[in-house]
1. Long-range amide H contacts for residue 305: which residues qualify at under 5 Å (H placed 1.01 Å from N, peptide plane, sequence gap of 5 or more or a different chain)?
2. State the extension gain, in nm to one decimal, for the chain segment bounded by residue 74 and residue 282, taking 0.36 nm per residue of separation less the distance between their alpha-carbons.
3. Order of 133-143, 67-77, 148-158 by packing, highest average Cβ count within 10 Å first?
4. What distance in nm separates the two pseudo spin-label positions at residue 63 and residue 96, each 7 Å out from Cα along the beta-carbon direction?
5. Under 5 Å between amide H atoms, partner at least 5 residues away or on a different chain: which partners does residue 90 have, H built in plane at 1.01 Å?
6. So how much slack lies between residue 54 and residue 155, counting 0.36 nm per residue of separation and subtracting their Cα-Cα distance, in nm?
7. Residues with amide H under 5 Å of residue 289's amide H, sequence separation 5 or more or different chain, H placed in the peptide plane at 1.01 Å from N; which?
8. How high is the FRET efficiency between residue 321 and residue 275 when r is their beta carbon distance and R₀ equals 35 Å, given to the nearest 0.05?
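Taken together, the values in this text are just the output of simple stated rules run on the coordinates, not laboratory data. Remember, predicted model here, so these are calculated numbers, not experimental data. Here the Cβ positions follow ideal geometry from the backbone for every residue, glycine too, while neighbour counts run over all protein chains shown.
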Amino acid sequence: MVSKKKFMTSLATSAALASVGFATVGQVVPQFGSNVQEAQAATSAINDYINANNIQPVSIQYRTGTFNKYFGYENGVGKPEGVVIHETATPGASAEDEVSYFSWSWPTTQTYVHAFVDDKEILNIHSADYGVWGAGPTANNKYIQVELCRVSTKDQFARSVANQAYYTAYRLVQYGLPFTPGKTVVSHNDVSRMYGETTHTDPVGYFAAWGYSMIQFYNLVGKYYNQLTSGSNTNGGSENTNNNNNNNNSGTPAKGVIKVNAPNRYAVPLYQLGNDGKMTIITNRALANNTPWQTDQIKVVDGTTYRRVATNEWVQQSYVIG
Ligand SMILES: [Zn+2]
C-alpha cells in the first residue's frame, strides 16, 4: 500500500505481521518444462488452483493517468531496477476504483503508482520509464510499483495474483531485467526493511490471509517470466544435449523436478562446470531453500553428484530433498 490517510487504521494490523522474512538470494530461473505445474502444486494451493483451472492473466491496459511528475530512475529514464509488490489494504475497491481515487488524490496524498491489478483488469496509469511515489525516495528512484486490490473469494484472489505476477514478469522482460527474487522483485515489506523509509509491510499480511507468500508469488512470476522469454531464448536449443546419465547414485531419474534445501546454509549453493571439467561455486547467486527446480541432467565430478537446474548451473545432490 502507499501512504494515504484513509489507510492508517490498517497499519497496526499489518505491522504485527511483519516478522516473516524472505531470503534475498539471487535465484536462477531454470528452463521450466511441463513439470512446472507439479512443482508449484507442491508449494502453493493458490498456484495449484491457477494451474488446475488454467487461469490466464489478462492483458495490460494502458491508461493516461493524471500524475504529471516525470522523473527518471537513479540509473536514468527507462532504466528501472525491478518491481515493488504492493497491496492496497482497501477491501471492496477494484482497480478501476483505485485508479479513480488516485487520479484526484495524489497531489494531496503525495502518492502514486504505475499500476493497479484486480481479478479482472491490469490498469497501467503511468509510464514505467519514469518513477512514481509509492514506497519512499530510495525505492521510488529504483522500482516500478504495482498495487494488488483486495478481493473476497479464492478464485478472485488467484486471478488477481496471476495478473500481478504477469505484470511483474512483463516489466522485467520489457526492461531486460533478470528475475531475481528479493532484488528485481521485492515486496513493500522488503523495501521498508532495506531502506527504512517506510514502515509498510504489504503485501505479506494480505497474502498470508489467503495462505499465500512472497516465495509462492515468486514461483508464479518465474512461470510467466519463462513463458515470456522462452519464445526468444536462442539458447534454448542447447538444452537438450545428449549426455543424460541415468546411471547415477542418487536413486532418482535425471529429468524432473527436484526440491532443494541446505539446512545449515542461507541458501543452496550453485556450481558452474568449467571447460576443464571442474565445478566451481557461483558466488553471486544461489537457490532459495525449499524451492522446486526443473532438472534435466546429472553429472558426477570428482566424486560429487550434481544436478543441472539451468544452462550451466548445478546443485549438489546432497541438497536435494525430494
Ligand atoms: Zn505498499
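1. 317
2. Working: separation 208, 0.36 × 208 = 74.88 nm, distance 2.83 nm.
The residue 74-residue 282 span can extend by a further 72.1 nm.
3. Values: 133-143: 21.3, 67-77: 13.1, 148-158: 18.6.
Going by the mean number of other Cβ atoms within 10 Å, highest first, we get 133-143, 148-158, 67-77.
4. 0.9 nm
5. 150
6. Values: separation 101, 0.36 × 101 = 36.36 nm, distance 1.18 nm.
Result for the pair: 35.2 nm of gain on full extension.
7. 268
8. Details: r = 31 Å, r/R0 = 0.89.
Using R0 = 35 Å, I get an efficiency of 0.65.
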